[in-house]
Amino acid sequence: MKRMNKIIAMLLAAATILSLSAMASFSPEEVVVDRALEEVTGLYTNVYAITDASAYLLDQTTDEYGNTVYMVETSFKRTLKAASALEIPAIIGMVEAKNQLEDPAEIQAAEEYIAARIADMEENYIGVEQDTNVTLRVTIPAAMPASASLGDVITYETIGVDCGIGEEEYGPLEGIAPRSAADQQETGSALVTEAVNSASMMAARETTRNSAILDYNRIAARNYARWFSCDEGISTDHPSCHNGRYEFFDGNDCANFVSQCLENGGLIRDSQWYPYSSYWNTTGNNGAGLRQYITKNDLFFRTTNVNKAFAGSIINQLKSNGSNAGHVGLIDQNDFSTVTFCAHTNCRSSRPVSFIGYKDYYVPYYDSYGGVWVNP
């Protein structure tokens, strides 16, 4: 027995030596890149099956405190583990809220809303791979306490909306983590309650809202956003993000890009909104831009509730004081767990929206996919 224990100990020691030797064969940069990829994909594994994960080093610098800072680009595909929309916590919350209703009119309103959300989930998310791109800023301090390990002191941050105007939004990696089941169920319940409370206004909305929004196919707009965006962070003209039918404005193409998405989704040009008018080409910081056009014409409504911002909605970056930063993009995914967007200047594709930070959303009054009017 003692001889057997001695043999096992020798084998374990040999395995440890081989493991350390293997680690030594990798450069520090490779170790950081691999670990960054593990950290970001690890956020999603409870909710999604992860495939095609990869990462590479964008940049390595030393900051003013002597810390080593790595910029790592990661990308992967994720597919919901849920086999049907009825397994999604947000949908479960919606159904539970509906089951508590007694008024027939309210029940009908709830059922119509839930049916639209289920149809969206089943067609666009259940069993469908979603691209995901995340840039991480990894910081390793110049000095560490003797008792600390690298895992204790290394920090991971993500670039948020990244408007390319000197106000890049960095936040903790946890800010892009999928929403918890409890949070989703609460969200689903709240969305149904709001839909029911606005049911009495639905008939009026069909006659008071701009009927032009009925022609807006939000999924077609999403598809265009994905096709003509990349995640290279480039602010100048480049083939992967330039549709030759339109001009590309170096360093200032975000509103132009979103307007293209809306037009290719079916929104019709008019005497105010056309290439490259102020309403088409600017975000609205001048008082006459895209945000003003879509709201004053009763096409989209503004909300700070990300749960309402389904694919085909617009994301608008804010500064910390609540003013507009002058940057917009298009939401291309919202499965209640994760929200991503596509944008130009700097070019981004299917990048997670952090639930931390400053932003609002513009949502079409009509959900073309669900065939229902949407309450603000």
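The values are calculated or read from the model by the stated rules, or taken from the named source; none is laboratory data. The shown structure was predicted, so the numbers you read here are calculated from the model rather than taken from an experiment. Backbone-built Cβ (ideal geometry, glycine too); neighbour counts: all protein chains shown.
Tell me, yes or no, whether the stretch 205-228 has at least one residue that is part of a loop (DSSP other than H, G, I, E, B), more than 25 Å from Val374 (Cβ to Cβ) and assigned by TED's automatic domain parsing to the domain that holds Tyr365. Yes, the stretch 205-228 contains at least one residue that is part of a loop (DSSP other than H, G, I, E, B), more than 25 Å from Val374 (Cβ to Cβ) and assigned by TED's automatic domain parsing to the domain that holds Tyr365. Tell me the residue from Ala119, Ala109 that is in the same structural domain as Phe310 (by TED's automatic domain parsing), of a type outside the set (Phe, Trp, Tyr) and either at pLDDT below 90 or in a strand (DSSP E or B) (or both), please. Of Ala119, Ala109, the one residue that is in the same structural domain as Phe310 (by TED's automatic domain parsing), of a type outside the set (Phe, Trp, Tyr) and either at pLDDT below 90 or in a strand (DSSP E or B) (or both) is Ala109. Looking only at residues in the stretch 338-355 that are of a type in the set (Gly, Ala, Ser) and under 10 Å from the mean Cα position of the chain (by Cα), the one that is modelled with the lowest pLDDT is Ser354.
Screening Asp59 against (1) modelled with pLDDT under 95; (2) surrounded by 12 or more Cβ atoms within 10 Å (Cβ to Cβ) leaves a single unmet condition, (2). Helices (runs of 4 or more DSSP H) fully within the stretch 244-314 that include at least 3 residues being touching a residue at least 12 places away in the same chain (Cβ under 8 Å) and out of contact with any Pro (no Cβ under 9 Å at 6 or more places or on another chain): 254-264, 290-296. Can Gly312 be described as surrounded by fewer than 24 Cβ atoms within 10 Å (Cβ to Cβ) and over 10 Å from the mean Cα position of the chain (by Cα)? Answer is no for this residue. Within the span defined as the stretch 89-97, every residue fails to be modelled with pLDDT under 95, hydrophobic (A, V, I, L, M, F, W, C), touching a helix residue (DSSP H, G or I) at 6+ places or on another chain (Cβ under 8 Å) and buried (at least 16 other Cβ atoms within 10 Å of the Cβ).
Restricting attention to the stretch 318-337, and to residues there that are more than 12 Å from the chain's Cα centre (by Cα) and within 30 Å of Asp237 (Cβ to Cβ), which single residue is surrounded by the most Cβ atoms within 10 Å (Cβ to Cβ)? Once the filter is applied, the top-ranked residue is Val328.
Selection of the stretch 311-323 for residues being of a type outside the set (A, V, I, L, M, F, W, C) and either touching a strand residue (DSSP E or B) at 6+ places or on another chain (Cβ under 6 Å) or in the same structural domain as Ile50 (by TED's automatic domain parsing) (or both) yields Ser313, Asn316, Gln317, Lys319.
Taking the listed residues Glu64, Glu29, Glu73, Glu39, the one that is surrounded by fewer than 13 Cβ atoms within 10 Å (Cβ to Cβ) and either touching a residue at least 40 places away in the same chain (Cβ under 8 Å) or farther than 24 Å from Cys230 by Cα (or both) is Glu64, with no other qualifying.
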